[in-house]
Amino acid sequence: MPISLHAPGPVMSQVHGDTTVGSATHCPYCALQCGMYVANGEITPREDIPANAGGLCQKGWTAAELLTSPERITTPLLHGKPVTWEEALDYTAGRLRAIRAEHGPDAVAVFGGGGLTNEKAYQLGKFARVALRTSQIDYNGRFCMSSAAAAVNRAFGMDRGLPFPITDIGRADAVLLAGGNVAETMPPFVRHLTAMRSRGGRLVVIDPRLTQTARLADLHLQATPGTDLALALGLLHIAVAEGHADLGYLAARTTGFEAVRASVSAWWPERVERVTGVPVAQMREAVRILGEAGRAMILTGRGAEQHAKGTDTVTAFVNLALTLGLPGREGSGYGCVTGQGNGQGGREHGQKADQLPGYRKIDDPAARAHVAAVWGVDPADLPGPGRSAYELLDALGTPEGPRALLLFGSNPVVSAPRAGHVTERLAALDLLVVADFVLSETAAMADVVLPTTQWAEESGTMTNLEGRVLLRRQAAAPPPGARSDLRILGGLAERLGCGEKFPADPRTVFDELRRASAGGIADYSGITYERIAAETGVFWPCPATETAPEAGPHPGTPRPFLDRFATPDGRARMVPVDHRPPAEDVDEEFPLYLTSGRVLAHYQSGAQTRRIRSLNQVAPEVFVEVHPDLAERLNVAPGDRVRVRSRRGAAEAVARVNASIRPDTVFMPFHWEGVNLLTNPALDPMSRMPEFKVCAAALERCTGEDMERDA
Amino acid sequence: MRLVVVGNGMAGARLVSEVRARDRDVKITVFGAEAWQPYNRVLLSNVVAGTSRPDQVRLLGPRWHAEHNVTAHLGVEVTAIDRDARTVVAADGTREPYDVLVLATGSEPVIPAIPGVERATAFRTLDDCDRIREAATSARSAVVIGGGLLGIEAARGLAGRGVPVTLLHVRDHLMERQLDAEAGLILRETLGSLGVAIRTGVTVTAVRERHVELAGEELVDADLVVVACGVRPVVGLARDAGLEVERGVVVDDELRTDDPSIFAIGECAQHAGRVYGLVAPAWEQASVLADLLTGADKGARYRGSRLVTRLKAKSVELAAMGETHLTDEEAEIVRFSHRHKGTYRKLVIRDGRLVGAILLGETSAVGTLTQLFDRGGPLPGDRTGLLFPGVGAAATADNPTRMPDSARVCQCNNVTKGQIRACWESGARDVEAVAAATRATTGCGGCRDAVEGIVGWLCEQEGVSA
């Protein structure tokens, strides 16, 4: 397929809505970033992208429906009334200036998303620090990858979701997946697990539910919600006790093993069994499977990570992987299965409260000097670290907190923990500006809504769960009226007096991102749109090598830890961690664990997928999964409307009764307003991740009275 | 505050680390009669069995005390408490003043008063384990006296090392405190099949050079004799200091003795009339006391523990908890016994709650049962699933030919059997054609076999009808 090197994608359409050339691009949804061709609104999977290798799930197949959806917004709204772009941008910039003048730069906050392209994520961080000069920027990726990121930065000195190509999974002999339901969240991922199992490899899944993924497993450990950390410590205890510790590897490539070994002495299997509910025999079997495999991998997902102890839980799984000698060995390793489309790239280029592009720390003077030079500003003018996502949302409209919020690519009314409270905080703002292409629940509250282009209507790069930088090409003409996020930021910057620093062309922005990331941990400086197109993706780090031309360009880094870890001494750091109970445990008033997750037909807050007819038919409404024993006790029948309550709120849902969940636990998907009214915003001390995956709840059948009131 | 802890075993060491985790500043001094860093006594049976090395059962690293600013006197026994001077006195002459004193002196093995018993080895400390392991290398036969938890673990460990071993028990069945007679019998048969000879209802009258002597003058060969006849709390220090002592040092819900400056935890303490011999209660007590001493939670109270016993012996799965001896008159008993397979399962239920259970031979239900027992959670009306996990769960991978048309075959693209049939009826004759028309198999690919099966079956049906 010919690649246009001058336009970001082969351009099409003379007439709006009628694209004439198909583009090789990627799916708008999850971090697998399946390759697909889009032509005239028709989608076909690409065979040349290893992540999906010709597969797509129903979300992918139907992604183009949103391009022509009647729910698409294409006119800016000011207090609910259509206005011109000039009016909307003038009003926004004027209010931002006034609020800043009265209350200082930190009175304006920015909230981004893990679905934004690298270019947008980069530009948003720069916009906050340079155009607004605010420290108050964070993003919904804090609710997603932050615990794994904190843990692996501590252990390996570098956070790249999978530090190996995804195809390595198919060549492994054993995989342990802790708290991930890939069969629903990213179905084509399962192809790699299937490839492994068809070669005789074994799959172990840890999950409180018998999920579609757990059904594929050779061994399912159905742990109590909030006890993954104890389970990991128990597995590590057994690995040491049964002689699976790779002492040569530990001596050569790690530090801290002795302290970790002593710390897990307290977590003998029978004790862990009592805490987790996982039988000792199953723990021993899991360790045997991993310990006897030639190549083995340990992967974690949100189920293990979205806890107030998520960082320590991931650390415990990393310690297990290191004890078995897996990371940095070809075909083996530890990896985090990234969730959002650009969850990986989105956390590397400055959307995070404490970071600058290239995965640099914002409080590192050298990092500040480098980035300030690229941005053409004085390092002293760059703000310092700001509040983390939930803390930022929690502070909105308070005397000490921001009074204005610019929000891109996120829907916190549905997706934030303790969402009822977050909605109150959003309502208390003097100014809420939301850029989106549908009227999400959060956009519906905004003073100003800025209609954006989406996915196939623009170009940019995405970094998938493997750390492979991909080119998402434009494949359709945007509807008149919609503007790209980059153009919106440019328009605002112009009104704030620095328009020249904010170009709207993605390739120009990417070239600047390359310079800003050069020398950082996530170094993109050697990556170009041309190389991505020619190589179907480039793994970072990929520095620009300008010495010795005969050496050729840097090839990118599929497996960054083969020779050394990215720590100062090149060794992985093992840190002892200890289990602790959930921030909120069950009691007489709230006797059930509530956990949350995804269903196959929807993505994130559902703002996109709930507007696609065929997906909505499959999963039309929020439900709660209840074990038959619990249903019997509470007199709940399948299909009944039930109310789930926690200390933070209540939500109604339709009961689904099945034995795939523990009798002490209920599950709700988070794609609708509902479960996050109940979730606990207790934060991990290190990653600032909220405790989405476990809180105490009560459940009861709605009475006839409730039904009438609702009607 | 100056905190002095007497005892560096599982309770004392736990308290020290829990206090330090909550408070960096409190001055801590700990005395341990053993010279070792604190180790995990629970794992000693692994050491005897040879599955753990002694250095693998350490609870704290060798530099832990120094790194955490704790003064540790190891191998130093405390001989007296001067309550007036608020000072402890150690065998080496050390006098250590305290504001708060915690006794965690643990227990000592009960050694029956029979002739020659000094030839036997107790099973309590790492030193004991060393002696047992060394003797086991040359012993042609061994006897373990005591058929409780520890005795069984020791006997199983020795048998695993290839030493012919006889387990002698004075009562009529093994682990009589935790097990009913039937479970005891099945356990006996299981151990027998693993090479442990068992004699119950026997009394040892003497330990001789190469054998032990039973009442009735019968002799049992033994180059090595291990005594596991239970433990008793070490309370001499407390008693000499005039503290209230019954079986253990009497403490209240704050773990406080009748001297407000002195506390006791672990196996030496007696709370609400009970002395516990397992680690879980000791650690719960350490946690409560650390909360109280550091002010982390002034409302913390210890209210007693529920006991779950898990035998740690290779190829013997055994869990027992709570009141296993209640009769049908006193409680609802659900029981499944399969002696031939060596499995036994028993639930003891009162007021719809699990108050006791035994699982022997097969313990896949143990996680669920211990949690129901610990939390006192309500039980399902049908108890079957508690004894047999998975029974009643939906069957998966149904035969495609018997599926209803509404059954979803492809989860990823939401394709039903009916849609595949319709697709076949309009001409599709292989998986590729079905995939092109319905997108089935294009997601995770896991339904490929099922789609193939349905298409093949439909083709076959066509052949039959034609």
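Looking at A:ALA504, is it assigned to a loop (DSSP other than H, G, I, E, B), without any contact (Cβ under 8 Å) to a residue 40 or more places away in the chain and of a type in the set (A, V, I, L, M)?
Yes, satisfied.
When you look at A:VAL433, is it among the β-branched types (Val, Ile, Thr) and surrounded by 24 or more Cβ atoms within 10 Å (Cβ to Cβ), yes or no?
In short, yes.
What are the residues in region B:373-385 that are within 13 Å of A:PRO663 (Cβ to Cβ) and either more than 9 Å from every other protein chain (Cβ to nearest Cβ) or part of a loop (DSSP other than H, G, I, E, B) (or both), if any?
Passing the criteria: B:GLY377, B:LEU379, B:PRO380, B:GLY381, B:ASP382, B:ARG383.
Just to check your reading of the model, which residue among A:ALA183, A:ALA178 is surrounded by 24 or more Cβ atoms within 10 Å (Cβ to Cβ), over 21 Å from A:PHE539 (Cβ atoms), within 14 Å of another protein chain (Cβ to nearest Cβ) and modelled with pLDDT of 95 or more?
Details: A:ALA178 fails: within 14 Å of another protein chain (Cβ to nearest Cβ).
On inspection, the qualifying residue turns out to be A:ALA183.
Can you pull out the helices (runs of 4 or more DSSP H) entirely within region A:115-203 that have at least 1 residues that are acidic (Asp, Glu) and within 16 Å of the chain's Cα centre (by Cα)?
In region A:115-203, A:182-185 are the helices (runs of 4 or more DSSP H) which contain 1 or more residues that are acidic (Asp, Glu) and within 16 Å of the chain's Cα centre (by Cα).
Any residue in region A:465-482 that is assigned to a helix (DSSP H, G or I) and either of a type outside the set (Ser, Thr, Tyr) or in contact with a Ser or Thr (Cβ under 6 Å, 6 or more places away or on another chain) (or both)?
Within region A:465-482 (the criterion being assigned to a helix (DSSP H, G or I) and either of a type outside the set (Ser, Thr, Tyr) or in contact with a Ser or Thr (Cβ under 6 Å, 6 or more places away or on another chain) (or both)), the answer is no, since none of the residues qualifies.
For region A:251-264, how many residues are in contact with a Gly (Cβ under 8 Å, 6 or more places away or on another chain), in contact (Cβ under 8 Å) with a residue 12 or more places away in the chain and surrounded by fewer than 22 Cβ atoms within 10 Å (Cβ to Cβ)?
2
Go over the candidates A:VAL83, A:VAL110, A:VAL130 one by one and state the one that is farther than 25 Å from A:ARG507 by Cα and touching a Phe, Trp or Tyr at 6+ places or on another chain (Cβ under 9 Å).
Answer to the selection: A:VAL83.
Please work out which residue is nearest to the chain's Cα centre (by Cα), limiting yourself to region B:410-444 and to residues that are more than 13 Å from every other protein chain (Cβ to nearest Cβ) and within 24 Å of A:VAL599 (Cα to Cα).
Here is the first cut: in region B:410-444, the ones more than 13 Å from every other protein chain (Cβ to nearest Cβ) are B:417-418, B:420-431, B:433-434.
Adding the requirement that they be within 24 Å of A:VAL599 (Cα to Cα) leaves B:417-418, B:420.
Numbers: B:LYS417: 49, B:GLY418: 52, B:ILE420: 52 Å.
My answer is B:LYS417.
It is to be established whether one or more residues within region A:265-283 are of a type outside the set (Lys, Arg), within 27 Å of the chain's Cα centre (by Cα) and at the interface with chain B (Cβ under 8 Å from one of its Cβ atoms). So that I can check it myself, show each step before the final result.
Keep residues of region A:265-283 that are of a type outside the set (Lys, Arg), which gives A:265-270, A:272-273, A:275-283.
After this cut, where a residue has to be within 27 Å of the chain's Cα centre (by Cα) as well, the list is A:276.
So of that shortlist, the ones also at the interface with chain B (Cβ under 8 Å from one of its Cβ atoms) come out as A:276.
Yes, that holds for at least one residue.
Of all residues in region A:594-617, count the ones that are within 20 Å of A:GLN212 (Cα to Cα) and in contact with a strand residue (DSSP E or B) (Cβ under 9 Å, 6 or more places away or on another chain).
7
How many of the residues in region A:634-653 are away from chain B (no Cβ under 14 Å), part of a loop (DSSP other than H, G, I, E, B) and of a type outside the set (Lys, Arg)?
Of the residues in region A:634-653, 3 are away from chain B (no Cβ under 14 Å), part of a loop (DSSP other than H, G, I, E, B) and of a type outside the set (Lys, Arg).
In the set B:ARG199, B:ARG210, which member is under 26 Å from B:ALA319 (Cα atoms) and basic (Lys, Arg)?
Working: B:ARG210 fails: under 26 Å from B:ALA319 (Cα atoms).
After applying the criteria, what remains is B:ARG199.
Tell me whether region B:1-19 contains one or more residues that are modelled with pLDDT under 95, within 14 Å of chain A (Cβ to nearest Cβ) and either part of a loop (DSSP other than H, G, I, E, B) or more than 28 Å from B:LEU150 (Cβ to Cβ) (or both).
Within region B:1-19, one or more residues are modelled with pLDDT under 95, within 14 Å of chain A (Cβ to nearest Cβ) and either part of a loop (DSSP other than H, G, I, E, B) or more than 28 Å from B:LEU150 (Cβ to Cβ) (or both).
For residues in region B:20-58 being hydroxyl-bearing (Ser, Thr, Tyr) and closer than 24 Å to A:HIS237 by Cβ, which is farthest from the other protein chains (Cβ to nearest Cβ)?
B:SER45
Taking only pairs six or more apart or across chains, which ones have beta-carbon atoms under 7 Å, a first residue in region A:53-69 that is over 17 Å from A:VAL182 (Cα atoms), and a second residue that is surrounded by fewer than 24 Cβ atoms within 10 Å (Cβ to Cβ) and among the hydrophobic types (A, V, I, L, M, F, W, C)?
Sorted first by the residue in region A:53-69, then by its partner, the pairs are A:TRP61/A:ILE43; A:THR62/A:ILE612; A:ALA63/A:ILE43; A:ALA64/A:ILE43; A:GLU65/A:ILE612; A:LEU66/A:ILE612.
Could you look through region B:404-432, keep only residues that are assigned to a helix (DSSP H, G or I) and touching a Leu at 6+ places or on another chain (Cβ under 7 Å), and pick out the one that is surrounded by the fewest Cβ atoms within 10 Å (Cβ to Cβ)?
By that ranking, first place goes to B:ARG421.
Please indicate, with yes or no, whether at least one residue in region B:66-77 is within 14 Å of chain A (Cβ to nearest Cβ) and either buried (at least 18 other Cβ atoms within 10 Å of the Cβ) or without any contact (Cβ under 8 Å) to a residue 24 or more places away in the chain (or both).
Within region B:66-77, one or more residues are within 14 Å of chain A (Cβ to nearest Cβ) and either buried (at least 18 other Cβ atoms within 10 Å of the Cβ) or without any contact (Cβ under 8 Å) to a residue 24 or more places away in the chain (or both).
Determine, yes or no, whether B:ASP99 is loosely packed, with under 15 Cβ neighbours inside 10 Å and closer than 30 Å to B:PHE336 by Cβ. It would help to see each step written out before you state the result.
Details: loosely packed, with under 15 Cβ neighbours inside 10 Å: yes; closer than 30 Å to B:PHE336 by Cβ: no.
Answer is no for this residue.
Hey, can you tell me all the residues within region A:475-510 that are closer than 22 Å to A:ALA93 by Cα, surrounded by 18 or more Cβ atoms within 10 Å (Cβ to Cβ) and in contact with a strand residue (DSSP E or B) (Cβ under 7 Å, 6 or more places away or on another chain)?
Those that are closer than 22 Å to A:ALA93 by Cα, surrounded by 18 or more Cβ atoms within 10 Å (Cβ to Cβ) and in contact with a strand residue (DSSP E or B) (Cβ under 7 Å, 6 or more places away or on another chain): A:ALA482, A:ARG483, A:SER484, A:ASP485, A:ILE488.
Could you please tell me which pairs satisfy a Cβ distance under 8 Å, a separation of 6+ or placement on different chains, a first residue in region A:239-250 that is within 8 Å of chain B (Cβ to nearest Cβ) and within 13 Å of B:SER52 (Cβ to Cβ), and a second residue that is buried (at least 20 other Cβ atoms within 10 Å of the Cβ) and aliphatic (A, V, I, L, M)?
So the pair list comes out as A:VAL240/A:VAL264; A:ALA241/B:LEU43; A:GLU242/A:VAL287.
Right, B:SER364: touching a helix residue (DSSP H, G or I) at 6+ places or on another chain (Cβ under 6 Å), within 13 Å of another protein chain (Cβ to nearest Cβ) and assigned to a loop (DSSP other than H, G, I, E, B) or not?
Taking the combined requirement at face value, the residue does not satisfy it.
Confirm whether A:GLY358 is more than 14 Å from the chain's Cα centre (by Cα), within 28 Å of A:VAL371 (Cβ to Cβ) and modelled with pLDDT of 95 or more.
Against the criterion (more than 14 Å from the chain's Cα centre (by Cα), within 28 Å of A:VAL371 (Cβ to Cβ) and modelled with pLDDT of 95 or more), A:GLY358 qualifies.
For residues that are farther than 26 Å from A:LYS309 by Cβ, of a type outside the set (Gly, Ala, Ser) and part of a loop (DSSP other than H, G, I, E, B), scanning just region A:654-682, find the one that is farthest from the other protein chains (Cβ to nearest Cβ). Write out each step before concluding.
First, the residues of region A:654-682 that are farther than 26 Å from A:LYS309 by Cβ: A:654-659, A:672-673.
In the following step, the residues that additionally are of a type outside the set (Gly, Ala, Ser) were identified as A:654, A:656-658, A:672-673.
Now drop any that are not part of a loop (DSSP other than H, G, I, E, B), which leaves A:658, A:672-673.
Values: A:ASN658: 7, A:TRP672: 18, A:GLU673: 24 Å.
Ranking the candidates gives A:GLU673 first.
The values are calculated or read from the model by the stated rules, or taken from the named source; none is laboratory data. On a predicted model such as this, the values are computed, not experimentally measured, just so you know. All Cβ positions, even for glycine, are placed from backbone atoms using ideal geometry, and neighbour counts span all protein chains on display.
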